[in-house]
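For reference, the structure discussed in these notes is given below.
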Amino acid sequence: MFTFKEAALAHVKAAEKLLEPEAGFLNENEEVIPIFVNLLFQSVELTLKSFAIEAGLATEQEVRDKRKTRNGHGIEELAILINTKVGQNKVIDLLLPKRGFAISNSILNAMVFGMEFKPSRESYATRKITYGQFGAGQLQIFGGAKEWIEAVRCAAENIHSAAGTLNG
């Protein structure tokens with residue numbers, strides 16, 4: 001069995017593999033793009049859950065709560081649950097301290113809270129993205145897939161450090 005952090009990293013690694021070489025696979029197989037996006041959202045979900053639990057901000061039951069976090073699939077709801085305990089809009093800054101790659105903070109903020117990504121978050125939370133059952137405008141992507149992956153990877157890799165910063 002794997003931890004949430006290990007699973008978060010596994011999802012982002014799988015997304016990264018879909019970009020090799022030079023995004024050729026994704027460009028040649030458009031039907032895989034929703035899976036690529038799903039992998040990144042799954043990684044963010046698991047990162048938020050892992051951070052909340054490791055930092056002592058929530059229990060495993062709370063991060064999976066049907067009402068609070070949409071069975072744990074509501075990315076924005078998970079972040080709001082964390083922010084209610086650490087301060088408004090702090091979770092992204094804790095997971096991604098701005099050290100020379102602030103674009104990561106912008107990307108993650110857009111994924112988690114941005115209005116432009118609300119349809120994608122909804123497609124993810126309801127699992128429509130996984131089954132390819134979403135309509136026009138319900139799947140947003142970032143132009144820089146490598147930067148997107150890097151942002152999600154950095155957050156997943158920084159779970160322990162972020163929890164330590166909060167508790168230390």
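A few remarks follow.
- When G164 is tested against (1) part of a helix (DSSP H, G or I); (2) in contact (Cβ under 8 Å) with a residue 12 or more places away in the chain; (3) among the small types (G, A, S), exactly one condition is not met: (2).
- Here E76 clears all of (1) assigned to a helix (DSSP H, G or I); (2) over 18 Å from E45 (Cβ atoms); (3) charged (D, E, K, R) except the condition numbered (2).
- Scanning region 29-41 turns up one or more residues that are in a loop (DSSP other than H, G, I, E, B) and either in contact (Cβ under 8 Å) with a residue 12 or more places away in the chain or farther than 16 Å from F142 by Cα (or both).
- The number of residues in region 123-146 being assigned to a loop (DSSP other than H, G, I, E, B) and surrounded by 12 or more Cβ atoms within 10 Å (Cβ to Cβ) comes to 11.
- Flag for A52 being surrounded by 23 or more Cβ atoms within 10 Å (Cβ to Cβ), within 23 Å of P119 (Cβ to Cβ) and either touching a Leu at 6+ places or on another chain (Cβ under 7 Å) or of a type in the set (G, A, S) (or both): no
- Consider region 55-76 and keep the residues that are free of Cβ contacts under 8 Å to residues at least 24 places away in the same chain and among the acidic types (D, E). The one that is surrounded by the fewest Cβ atoms within 10 Å (Cβ to Cβ) is E60.
- Candidates E54, E77: the one that is at pLDDT 95 or above, closer than 29 Å to A136 by Cβ, among the acidic types (D, E) and in contact with a helix residue (DSSP H, G or I) (Cβ under 6 Å, 6 or more places away or on another chain) is E77.
- Taking the criterion of being touching a residue at least 40 places away in the same chain (Cβ under 8 Å) and farther than 20 Å from A8 by Cα, the residues of region 119-139 that qualify are G132, F134, L139.
- Residue match in region 18-31 (condition: buried (at least 19 other Cβ atoms within 10 Å of the Cβ) and more than 18 Å from A151 (Cβ to Cβ)): no
The values are calculated or read from the model by the stated rules, or taken from the named source; none is laboratory data. Since this is a predicted model, take the numbers as computed values, not measurements. Methodologically, a virtual Cβ is constructed for each residue, glycine included, from the backbone with ideal geometry; neighbour enumeration extends over all protein chains shown.
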